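Remarks on the structure that follows.
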Amino acid sequence: QVQLVESGGGFVQAGGSLRLSCTVSGIIFGDNDWACYRQAPGKQSKFIARISASGSRIHDVSVKGRFTISRDNAKNTVYLQMNSLKTCDTDVYYCNTIPNHQDYWGQGTQVTVSS
């Protein structure tokens, strides 16, 4: 059974930083490309960043220069370092494989940025 557990969210003031983690079990982590998304209640998820099995990264223009995706294959974990946070970054954050698997979505982790 594949399980993805997101953590590291919280409350932070604008300009602050958080590091999100997505720990994976039940799948060969190192063979997969991974991506991070955000989603507000009742809205479609939005792509933030992806990292390939070889470590190549792509970041959405909205977070480029502020967020960095990384992976640790030994820990089966994807990280999203979030710097210079803005109030508009407030959302629930998730990870999934590329391509997405509907059954892999976890509970997400809430990020709230105050002004």
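The values are calculated or read from the model by the stated rules, or taken from the named source; none is laboratory data. What you see is a predicted model; the values in this text were computed from it and never measured. Ideal geometry is used to build each Cβ from the backbone, glycine not excepted, and the neighbour counts take in all protein chains shown. Surface areas here come from the heavy atoms of the whole protein model, side chains and all, with no ligands, DNA or RNA. Shrake-Rupley method; radii C 1.70, N 1.55, O 1.52, S 1.80 Å.
Using Cα pairs closer than 8 Å and at least 6 residues apart in sequence, work out the relative contact order for the chain, in percent. Numbers along the way, then the final one.
Numbers: 276 pairs, mean separation 41.7, N = 115.
Once divided by the residue count of the chain, the mean separation gives 36 percent.
Given the peptides 9-16, 67-74, arrange them by the average over their residues of other C-beta atoms within 10 Å, most packed first. Provide the component values of the computation, followed by the final result.
Values: 9-16: 13.6, 67-74: 16.1.
By packing density, highest mean first, the sequence is 67-74, 9-16.
Cβ neighbours within 10 Å, averaged per peptide: list 32-43, 89-100 in order, most packed at the top.
Working: 32-43: 16.0, 89-100: 19.2.
Packing order, densest peptide first, comes out as 89-100, 32-43.
Give me the orientation-averaged projected area of the Cα convex hull of segment 66-115, in nm², one decimal.
Values: hull surface 17.2 nm².
Hull-based average projected area comes out at 4.3 nm².
Using a probe radius of 1.4 Å on heavy atoms only, what accessible surface per residue do you get for segment 14-95? Whole Å² is fine.
On the way: 4150 Å² over 82 residues.
Each residue of segment 14-95 exposes 51 Å² on average to a 1.4 Å probe.
Would you work out the relative contact order for segment 42-99, in percent, from Cα pairs under 8 angstrom that are 6 or more residues apart? Write down the numbers at each step before the final one.
Working: 48 pairs, mean separation 12.2, N = 58.
Once divided by the residue count of segment 42-99, the mean separation gives 21 percent.
Are there cysteines in the chain with no second cysteine's Cβ under 4.7 Å away, and if so, which?
Cys36, Cys88
Once you charge only the Cβ atoms, +1 for Lys and Arg and -1 for Asp and Glu, what is the size of the charge dipole of the chain about its Cα centre, to the nearest 20 debye? Provide the component values of the computation, followed by the final result.
Working: 11 positive and 8 negative charges, 69 e Å.
Value, rounded to 20: 340 debye.
Using a 1.4 Å probe and counting only protein heavy atoms, arrange Ile58, Ile48 so the residue with the most accessible area comes first.
Working: Ile58 95, Ile48 5 Å².
Ranked from most to least accessible, the order is Ile58, Ile48.
With a 1.4 Å probe and all protein chains left in place, how much of the accessible area of the chain comes from carbon and sulfur atoms, in whole percent? Write down the numbers at each step before the final one.
Numbers: 2960 of 6290 Å².
Here it works out to 47 percent.
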